[in-house]
Amino acid sequence: MTSPLETVRKNIHTAAINSGRPAEDVTLVAVSKTKPIDAITPILDQGQRVFGENKVQEAAEKWPELCARYDSVQLHLIGPLQSNKVRAAIQLFDVIETLDRPKLARAFARISQEENKYCDYYIQVNVGREDQKAGIDPDAVDSFVALCRDELKLSVVGLMCIPPVGQDPAPYFAELKAIAARNGLDKLSMGMSGDYPCAIQCGATSVRVGTALFGKRL
Ligand SMILES: *Cc1c(COP(=O)(O)O)cnc(C)c1O
């Protein structure tokens with residue numbers, strides 16, 4: 001029996017090779033939001049160490065226990081964040097993928113210093129320019145990168161996006177790649193269960209996959 005994790009790994013491998021890159025260039029972020037500890041341990045037992053959660057509170061309830069049992073877990077925050085949760089986010093997460101506004105960036109810079117704990121950051125870009133969606137407007141990314149990286153000295157490693165639902169995501173992935181390139185950023189977090197092979201073809205260096213690993217969320 002092939003496990004869902006093995007299937008996803010194989011698909012990542014195939015997509016990477018097809019786009020002329022080694023499979024190791026693509027990191028799988030296993031999105032464990034809403035899933036209980038009992039559902040997560042089998043994935044940890046198969047060697048997966050990079051996980052994504054979208055809520056600080058939920059992550060705080062599950063991961064300290066799991067991190068005590070498993071070495072070298074790397075946690076990514078992939079959900080929108082309020083400024084009053086920045087301290088808890090810094091304490092829990094290694095990578096923040098949803099940096100999208102100056103107020104939040106300033107809070108991370110200040111509180112990281114206070115906590116003496118430094119995360120890596122992706123800037124989330126609202127590639128579809130959707131009113132209801134988090135992420136910075138594509139036209140404002142360049143100056144926001146400059147603020148985060150040059151003025152606030154945050155470790156900005158790349159860009160993240162969630163394209164509009166029900167549309168071909170490829171043009172949005174391509175746009176994210178172009179914005180990253182002109183800002184000298186190497187990493188692209190894009191692609192979910194429905195479109196991660198496409199995202200890898202378009203240059204993703206990490207994919208955030210939940211449903212294909214854990215099954216449907218209730
Ligand atoms: C839930 C979520 C995912 C995973 O989505 P699936 O379709 O279940 O793979 C990826 N990225 C973000 C930001 C999410 O909130």
**Report entry** Among the candidates L185, L159, L154, residue that is touching a residue at least 24 places away in the same chain (Cβ under 8 Å), within 16 Å of the ligand (Cβ to nearest atom) and closer than 20 Å to Q74 by Cβ
**Finding:** L159
Report summary line: Those residues of segment 97-133 which are touching a Ser or Thr at 6+ places or on another chain (Cβ under 7 Å), in contact (Cβ under 8 Å) with a residue 24 or more places away in the chain and surrounded by fewer than 19 Cβ atoms within 10 Å (Cβ to Cβ) amount to Y118, D120
Query raised in the report: What residue, of K117, K103, is of a type in the set (K, R), more than 30 Å from T7 (Cβ to Cβ) and in a helix (DSSP H, G or I)?
Result: K103
Query raised in the report: Which condition number does S72 fail, the rest of (1) within 17 Å of Y118 (Cα to Cα); (2) in a strand (DSSP E or B) being met?
Result: (2)
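Restricting the search to segment 29-54, which residues are within 11 Å of the ligand (Cβ to nearest atom) and in contact with a strand residue (DSSP E or B) (Cβ under 9 Å, 6 or more places away or on another chain)?
Matches in segment 29-54: V29, A30, V31, S32, K33, G52, E53, N54.
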Query raised in the report: Taking segment 140-176 as the region of interest, how many residues are among the basic types (K, R) and either in contact with a strand residue (DSSP E or B) (Cβ under 6 Å, 6 or more places away or on another chain) or crowded, with 20+ Cβ neighbours inside 10 Å (or both)?
Result: 1
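Read the figures in this text as sums done on the coordinates, not as results from a lab. Predicted model only: the values in this text are computed from it and were never measured. Backbone-built Cβ (ideal geometry, glycine too); neighbour counts: all protein chains shown.
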